[in-house]
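Working notes for the structure below.
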Amino acid sequence: DAEYMGALRRTFQSKMEEFVVKLISAHHIPRTDGPLLKSDPYVKMWIEDTAGNKKTDVISWPFKNQSLHPVWNSARSFGDQVADTDVVKLELWDFDKMTQDDLIGKTKFNVHELKNHHKLVLTIGSSGGFLCARHRTTLKLELLPQPSLIPKKKTLFIVRHGQSKWNKAQADKNVVDMLSDTDHPLDETGVGQALELQKALSGELSETAQRFLQAQTVVSSPLTRALQTALLGTQPILARIGTLVLLPNAREKRNLGGRDSSGQVVGKNIKVRAIKTLKPLVDAHQLKLASAVKLNTFEVDDKWWMDSEEAHNTVDIRINELMTQLRYMPEETIILVGHSHFFRELFRLHLADGFTQGTNVSKQDLTTGIISNCGVAALDVDFGETKLIQNVELLFSTTIIHKH
């Protein structure tokens with residue numbers, strides 16, 4: 001009968017659904033490298049059957065630099081062959097660059113526990129005497145419901161920030177201005193570029209540009225120049241959706257001497273600083289619109305930047321982690337406001353091998369040049385492919401700059 005067929009269909013669907021775990025955060029990580037240094041925690045996870053046989057590979061989340069309360073907010077798929085009786089094993093580690101990594105602690109839980117409760121807060125069992133009885137080390141995770149409903153093909157619109165004070169100082173070879181501060185805001189030219197993008201959204205738009213205007217979410221690097229560009233340039237979209245999400249994985253690559261890629265503040269103070277440095281450069285109406293946007297600062301309430309040069313492989317890991325976050329967002333059209341070197345590395349990593357010439361840009365342009373300030377590109381992303389970016393189209397008179 002209909003009831004039986006419905007139950008059979010639900011059973012079949014539940015068996016075929018991927019088991020996707022989202023690691024949210026950890027709290028009270030012990031200091032494994034001494035009382036003055038914070039740990040660099042990362043997590044390993046795998047699944048075993050009731051006999052202790054491994055059913056999946058060991059899957060990891062990358063280390064978080066110098067953090068006692070790290071946030072990952074990122075999901076991993078363990079496939080569709082996971083049974084309710086299976087056991088999830090989890091280990092918390094501290095990354096050490098010069099010595100062997102330290103196992104901080106471990107725990108386990110049954111698959112059915114997460115399926116029944118959807119969210120779990122796990123206490124990490126001690127290993128090596130690192131855990132302190134005064135503060136329990138905990139991990140928060142959740143089950144991603146119905147991941148099959150999340151589209152694997154998405155449109156990602158990338159927006160490079162407008163010209164910043166650092167860009168101007170670099171062009172003028174003004175070393176004093178370049179090194180005198182961190183996290184420079186937009187300058188007057190950069191603000192003008194962001195407002196030009198905002199203005200362009202009210203004009204005649206191509207089909208792709210209309211999709212940009214109808215984007216379902218906007219995410220941004222928390223660096224001030226990117227945040228200000230998002231607040232001004234994507235203002236019509238933000239006015240509709242209400243909230244801008246800050247993702248530290250989208251911050252610029254930190255090169256040797258690249259103080260501009262280190263932050264200054266965390267949490268709500270990120271917006272305070274962005275608005276304060278915008279105030280002299282915009283009229284009262286634009287300032288009011290920018291101030292009205294809500295910021296999701298969940299991932300940036302603790303220190304989110306590095307103070308020293310970032311290794312190339314660390315940048316690659318961060319880019320892949322960002323793409324994983326975008327993969328499991330429910331939205332199909334996403335705007336990402338970020339940085340030139342980061343975007344170039346993204347193209348080098350994920351531009352499809354078969355991509356030679358897009359609608360109006362070549363593979364060589366994207367992997368050797370940089371997008372112009374406040375430039376926009378539409379990326380067709382297929383998360384079912386090894387190389388994710390299948391096509392690229394430049395919008396709003398965006399150009400590629402080659403520096404010699």
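The values are calculated or read from the model by the stated rules, or taken from the named source; none is laboratory data. Since the structure is predicted, the reported quantities are computational estimates derived from the model, not experimental observations. Reconstructed Cβ throughout: ideal geometry from the backbone, glycine too, with neighbour counts over all protein chains shown. Heavy atoms of the whole protein, side chains included, go into the accessibility calculation; ligands, DNA and RNA do not. Shrake-Rupley method; radii C 1.70, N 1.55, O 1.52, S 1.80 Å.
Among residues belonging to region 76-88 that are of a type outside the set (Asp, Glu) and open to solvent by 50 Å² or more (accessible area, probe 1.4 Å), point out the one that is modelled with the lowest pLDDT.
Pass one, region 76-88, residues of a type outside the set (Asp, Glu): 76-79, 81-83, 85, 87-88.
From what's left, open to solvent by 50 Å² or more (accessible area, probe 1.4 Å): 81, 85.
Numbers: Gln81: 93, Thr85: 96.
This residue is Gln81.
When you look at Asp260, is it at pLDDT below 95, acidic (Asp, Glu) and either in contact with a helix residue (DSSP H, G or I) (Cβ under 9 Å, 6 or more places away or on another chain) or open to solvent by less than 30 Å² (accessible area, probe 1.4 Å) (or both), yes or no?
Working: at pLDDT below 95: yes; acidic (Asp, Glu): yes; either in contact with a helix residue (DSSP H, G or I) (Cβ under 9 Å, 6 or more places away or on another chain) or open to solvent by less than 30 Å² (accessible area, probe 1.4 Å) (or both): yes.
Spelling it out, Asp260 is indeed at pLDDT below 95, acidic (Asp, Glu) and either in contact with a helix residue (DSSP H, G or I) (Cβ under 9 Å, 6 or more places away or on another chain) or open to solvent by less than 30 Å² (accessible area, probe 1.4 Å) (or both).
Which one of the conditions (1) open to solvent by 60 Å² or more (accessible area, probe 1.4 Å); (2) more than 18 Å from Leu186 (Cα to Cα) does Trp304 fail to meet, given that it meets all the rest?
(1)
State yes or no: is Lys271 part of a helix (DSSP H, G or I), more than 30 Å from Ile29 (Cβ to Cβ) and at pLDDT 95 or above? So that I can check it myself, show each step before the final result.
On the way: part of a helix (DSSP H, G or I): yes; more than 30 Å from Ile29 (Cβ to Cβ): no; at pLDDT 95 or above: yes.
For Lys271, the condition - part of a helix (DSSP H, G or I), more than 30 Å from Ile29 (Cβ to Cβ) and at pLDDT 95 or above - is not met.
Quick one: would you say Ala230 is assigned to a helix (DSSP H, G or I), in contact with a strand residue (DSSP E or B) (Cβ under 9 Å, 6 or more places away or on another chain) and open to solvent by less than 40 Å² (accessible area, probe 1.4 Å)?
yes
Considering only region 191-224, how many residues are over 22 Å from Ala378 (Cβ atoms) and assigned to a helix (DSSP H, G or I)? Steps first, please.
Going through region 191-224, the residues over 22 Å from Ala378 (Cβ atoms) turn out to be 191-192, 222-224.
Next, from what is left, pick out any that are assigned to a helix (DSSP H, G or I): 191-192, 224.
The qualifying residues number 3.
Name the residues in region 28-53 that are touching a Lys or Arg at 6+ places or on another chain (Cβ under 9 Å) and either surrounded by 15 or more Cβ atoms within 10 Å (Cβ to Cβ) or free of Cβ contacts under 8 Å to residues at least 12 places away in the same chain (or both), would you?
The answer is Ile29, Lys38, Ser39, Asp40, Pro41, Tyr42, Lys44, Met45, Trp46, Ile47, Glu48.
Looking at Val159, is it surrounded by fewer than 12 Cβ atoms within 10 Å (Cβ to Cβ), among the β-branched types (Val, Ile, Thr) and either more than 22 Å from the chain's Cα centre (by Cα) or modelled with pLDDT of 95 or more (or both)?
no
Count, please, the residues in region 347-383 that happen to be touching a residue at least 60 places away in the same chain (Cβ under 8 Å) and either of a type outside the set (Asp, Glu) or closer than 24 Å to His312 by Cα (or both).
Adding up the residues that qualify gives 12.
Report, by residue number, each residue of region 58-72 that is in a strand (DSSP E or B) and surrounded by 18 or more Cβ atoms within 10 Å (Cβ to Cβ).
Within region 58-72, Trp61, Val71, Trp72 meet the criteria.
For Arg254, only one of the following conditions fails: (1) over 28 Å from Ser397 (Cβ atoms); (2) open to solvent by less than 50 Å² (accessible area, probe 1.4 Å); (3) among the basic types (Lys, Arg); (4) modelled with pLDDT of 95 or more. What is its number?
Only one criterion is unmet by Arg254, namely (4).
Within region 139-148, take every residue that is modelled with pLDDT of 95 or more and open to solvent by 10 Å² or more (accessible area, probe 1.4 Å) and give me the one that is nearest to Gln216 (Cα to Cα).
The residue in question is Leu144.
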